[in-house]
Amino acid sequence: MSTTKVLEKLSEEQKLEKESLNLFFSTQTVIKKALDKLGYSNEVFELLKEPIRMLTVRIPVKMDDGSVKVFTGFRSQHNDAVGPTKGGVRFHAEVNEEEVKALSMWMSLKCGIANLPYGGGKGGIICDPREMSFGELERLSRGYVRAISQIVGPTKDIPAPDVYTNSQIMAWMMDEYSRLREFDSPGFITGKPIVLGGSQGRETATARGVTICIEEAVKKKGIVLQGAQIVIQGFGNAGSFLAKFIHDAGAKVIGISDAHGALYNPEGLDIDFLLERRDSFGTVTNLFTNVITNQELLEKECDILVPAAVSNQITAKNAHRIKASIVVEAANGPTTLEATKILDKRGVLLVPDILASAGGVTVSYFEWVQNNQGYYWSEEEVDEKLRKVMVESFETIYQTSQAHQVDMRLAAYMVGIKKPAEASRLRGWV
Ligand code: NAD
């Protein structure tokens with residue numbers, strides 16, 4: 001039975017429960033609502049409800065002990081009517097096909113929100129990089145590129161970093177692709193080291209974008225950023241840079257966490273101290289004894305809560321207990337749809353993932369533009385261009401939410417889905 005038919009048969013309560021449990025399902029649900037609000041036909045939904053292409057690959061890797069381990073990887077391309085598809089590659093034990101598909105749909109939405117000439121893509125490999133050596137990770141990264149090489153490329157589909165992948169992994173992937181094609185292809189992938197064609201400001205882009213969203217959100221809520229109390233879940237690329245930027249902007253970071261636990265101090269944490277001690281996987285709490293759980297941290301008293309780790313953290317179970325008046329989703333999918341409704345009813349301003357974390361893909365786009373033109377910008381130029389995109393995107397979505405009397409998530413979907421829908425219509429696909 002199709003997802004839409006299943007949805008029709010469920011009661012409102014069951015629907016919400018089911019939606020919340022399934023990222024793919026909930027993404028389809030909100031895309032449907034957004035297209036209906038915009039007045040598009042069901043044919044447009046039929047096209048956009050699933051990726052146009054989904055490749056599953058098996059990657060044999062020689063391990064250091066001489067054995068061969070076969071990993072499963074995915075690459076999903078949601079819609080390429082606007083332009084080539086774009087999106088990160090995730091290395092995680094819990095990667096699965098539906099998650100990758102949903103994340104590629106979100107990338108279409110993010111690109112639409114930031115007005116980038118891309119559709120959405122996403123990739124992932126089921127693995128635990130923390131248990132792999134440098135050499136094993138390199139062989140896995142290169143094997144993945146060989147396995148997906150036919151459907152990717154600088155004008156087809158451009159990967160980037162995501163959870164547990166970094167600029168070194170991007171460098172290996174770019175090198176493998178360039179070897180396969182027999183010419184240097186820096187525009188094949190973004191998030192590369194600077195010396196290999198990476199952009200200034202790329203590493204910090206997601207966090208800069210989240211910071212700009214926080215600055216815009218506090219204005220709407222009448223909160224003064226100086227001294228505002230902030231809790232951040234996740235201390236990886238997104239969470240740690242955000243902690244630094246928002247601390248430097250005068251806010252008080254009172255809680256941070258990683259996969260092992262959370263640190264909390266209402267007087268404010270020593271962010272520079274924590275940044276110096278975090279490892280490359282974003283772990284720091286293992287050095288402390290006074291650690292609380294991630295769930296306890298989310299419910300602490302604060303002005304702004306930023307989930308910047310993994311999905312499904314704010315659910316119907318804990319949404320009533322969230323004390324923050326602003327929730328800014330740096331992670332993908334940290335709040336379920338049911339929890340979104342609860343927060344919205346309680347007057348919490350929720351800045352949705354597809355807007356808040358669009359800084360990463362925006363500077364990825366800048367990196368690709370610089371690779372294509374062979375001319376590179378300063379960090380100030382990149383940050384200034386990023387600020388312009390983020391402020392405009394925030395304002396457009398906020399105004400859409402006010403004009404249509406819908407929550408910020410639905411407003412973001414409306415703004416984001418419009419571009420692939422229009423491009424597909426104009427190409428004569430629907
Ligand atoms: P990362 O791998 O650098 O860091 C992840 C952090 O989350 C680490 O501190 C890790 O310890 C923590 N973590 C992992 N599992 C956890 C759990 N179960 N509970 C609490 N913490 C946990 O990842 P990142 O790049 O910072 O990405 C974080 C989120 O932001 C992801 O959802 C990602 O999709 C999203 N995002 C990142 C970017 C980017 O450019 N980095 C762009 C867009 C979206």
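The values are calculated or read from the model by the stated rules, or taken from the named source; none is laboratory data. Values in this document were obtained by computation on a predicted structure and should not be read as measured data. Counting neighbours? That spans all protein chains shown, and the Cβs are built from the backbone with ideal geometry, glycine included. The accessibility values were calculated without ligands, DNA or RNA, using every heavy atom of the protein model including side chains. Shrake-Rupley method; radii C 1.70, N 1.55, O 1.52, S 1.80 Å.
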Practice item. Along Cα→Cβ, 7 Å out, is where each label goes; now give me the distance between the ones at N312 and R130 in nm to one decimal. Key: 1.9
Exercise for review: May I ask you to list the chymotrypsin sites (Phe, Trp or Tyr not before Pro) in the stretch 136-225 that are in a DSSP loop and have at most 10 other Cβ atoms within 10 Å of their Cβ?
Suggested key: F183
Point to revise | Cα centroid separation - the stretch 357-406 against the stretch 227-297, whole Å | key: 26
Exercise for review: State, as an integer percentage, the relative contact order of the stretch 276-358 based on alpha-carbon contacts under 8 Å between residues 6 or more apart.
Suggested key: 26
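Considering only protein heavy atoms and a probe of 1.4 Å, how much of the accessible area of the chain is carbon and sulfur, as a whole percent?
Details: 8590 of 17560 Å².
After summing per-atom areas, the C and S share lands at 49 percent.
Percent relative contact order of the stretch 51-183, based on C-alpha pairs within less than 8 angstrom and at least six residues apart?
Working: 275 pairs, mean separation 38.6, N = 133.
After rounding, I find 29 percent.
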Study note, to complete from the structure: Interchain or sequence-distant (5+) residues whose placed amide H lies within less than 5 Å of the amide H of V310 are none
Check your understanding: Put a dot 7 Å past each Cα toward the Cβ at T56 and E296; how far apart are the dots in nm?
Key -> 4.1
Revision key, fill the gap. Relative contact order of the chain (C-alpha contacts under 8 Å, at least 6 apart) in percent is 17
Check your understanding: When the chain is fully extended, how far beyond the present Cα-Cα distance does Q402 get from D184, taking 0.36 nm per residue of separation?
Key -> 73.7 nm
Review point. Do the alpha carbons of any pairs in K37/K323; K101/K419; K33/K385; K122/K244 sit beyond 23 Å of each other, and which pairs?
Key: K37/K323; K33/K385; K122/K244
**Study point:** For F71, distant residues with modelled amide H under 5 Å away
**Key:** I59, V61
